[in-house]
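Each remark here refers to the structure printed beneath this line.
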Amino acid sequence: MMNRSERDVKLDMGDMETGGTLTLPAGKGPFPAALLLQGSGPTDRNSNARVGLHRFTSSITRDLAWQLADAGIASLRYDKRGCGDRSETGLHALVADARAAWGQMASFPEVGGQLLTVGHSEGAIIAMILASEAEDMDDAVAIACGTSPFDQVLLHQMEHILRSRGRFGRRQQALIDAMERVYGMLRQQGDWEKVAAAEVKREMLPVSFALRLMGARRVKTTLGRQLRPRWVLERDEYPLERMPPQCPVLLLYGDRDYQVPPDEGAPLTDLPGVDVVLVPGMNHMLRDNPGPLTPREVTRSLKRNMLPLVADHIIPWMQRGQDKG
């Protein structure tokens, strides 16, 4: 493994400043560089999160940065807006932050030459959005990029988890149906604040007796944390299948990923310059997943090293593009 170096940097997001890490390969620059965009949740620059007593550690963007450095590519990753906070950050703000970070990456004296973005999950969606806009982007890599409406993704994940526990019957189906109707209210009103709390409680009561003891506003607030209404509405404004990229794009999907299954990439295959690669054995955390497709097994997989996606897939793809040029 090559020596690499890292230094902390500050990024100006317009209304706030956030911390980041610039990872550099061994040797003398300037180096080609990648902007790394992490997955969902209040995650830090390394794709880890800590909210209250809950800690989640995947280190996906950190590991990608190190893999890229070993391949001679610098990278920039940063703490996401809302890092460590329970409040929801909308997609518009996250896209604006990514645009700002992209604009600042090339200003570092160690950066020069080929520029790309690499995003995972939520970050993959943002990478695709940037790729449709940035004329100075040479390549984009989107790992586990969802294309379905966000509410459908969440409900699919919920149904999969319930079925994996052997607990899927009429009551569980009724729960999903009720949540679908609440999402329908959200889209009809176009604003979660305009959705009547009493109607939300009325829809959810038949599937949860515990809600009878709660006031309507509390029911709505509690459910809102799970439904992520702001993200659902803002995600609708970015139909990726109708946003052709301005640069070559590599889509990577794992055939053991139940959270964003490989068929999510199908709507993007007709876009110009898009290549899709299925990675055998890979789950959503970019680890090998030989066991059952369950949340417990995915958590266990975090003890394993991340798959060598840069060496096995990203670098060969970039080199093929250069050979074609």
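Got a number for residues in the range 120-159 being assigned to a helix (DSSP H, G or I) and of a type in the set (A, V, I, L, M, F, W, C)? Don't jump to the end; show me each part of the working.
Here is the first cut: in the range 120-159, the residues assigned to a helix (DSSP H, G or I) are 122-131, 150-159.
The next check asks that each one be of a type in the set (A, V, I, L, M, F, W, C); those that pass are 124-131, 150, 153-155, 158.
So the count comes out to 13.
Residues checked against (1) among the β-branched types (Val, Ile, Thr); (2) farther than 23 Å from Gln259 by Cβ; (3) assigned by TED's automatic domain parsing to the domain that holds Pro308:
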site: Leu36; (1), (2), (3): no, no, yes
site: Arg55; (1), (2), (3): no, no, yes
site: Ile60; (1), (2), (3): yes, no, yes
site: Gln67; (1), (2), (3): no, no, yes
site: Arg81; (1), (2), (3): no, no, yes
site: Val95; (1), (2), (3): yes, no, yes
site: Ala101; (1), (2), (3): no, yes, yes
site: Phe108; (1), (2), (3): no, yes, yes
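Got a number for residues in the range 227-253 being without any contact (Cβ under 8 Å) to a residue 24 or more places away in the chain and not charged (D, E, K, R)?
Adding up the residues that qualify gives 1.
When you scan the range 276-298, do you find a residue that is among the charged types (D, E, K, R), free of Cβ contacts under 8 Å to residues at least 60 places away in the same chain, exposed (fewer than 14 other Cβ atoms within 10 Å of the Cβ) and in contact with a strand residue (DSSP E or B) (Cβ under 8 Å, 6 or more places away or on another chain), even just one?
no
Among the candidates Pro206, Pro149, which residue alone is touching a residue at least 40 places away in the same chain (Cβ under 8 Å), surrounded by fewer than 20 Cβ atoms within 10 Å (Cβ to Cβ) and over 30 Å from Ala106 (Cα atoms)?
Criteria check complete, one pass: Pro149.
Does any residue in the range 262-273 that is β-branched (Val, Ile, Thr) come within less than 6 Å, Cβ to Cβ, of a residue that is surrounded by fewer than 19 Cβ atoms within 10 Å (Cβ to Cβ) six or more places away or on a different chain, and which pairs are these?
Correct list of pairs: Thr269/Val276.
The values are calculated or read from the model by the stated rules, or taken from the named source; none is laboratory data. Worth saying up front: this structure is predicted, and the values here are computed from it rather than measured. No Cβ is skipped: glycine too gets one built from the backbone with ideal geometry, and neighbour counts run over all protein chains shown.
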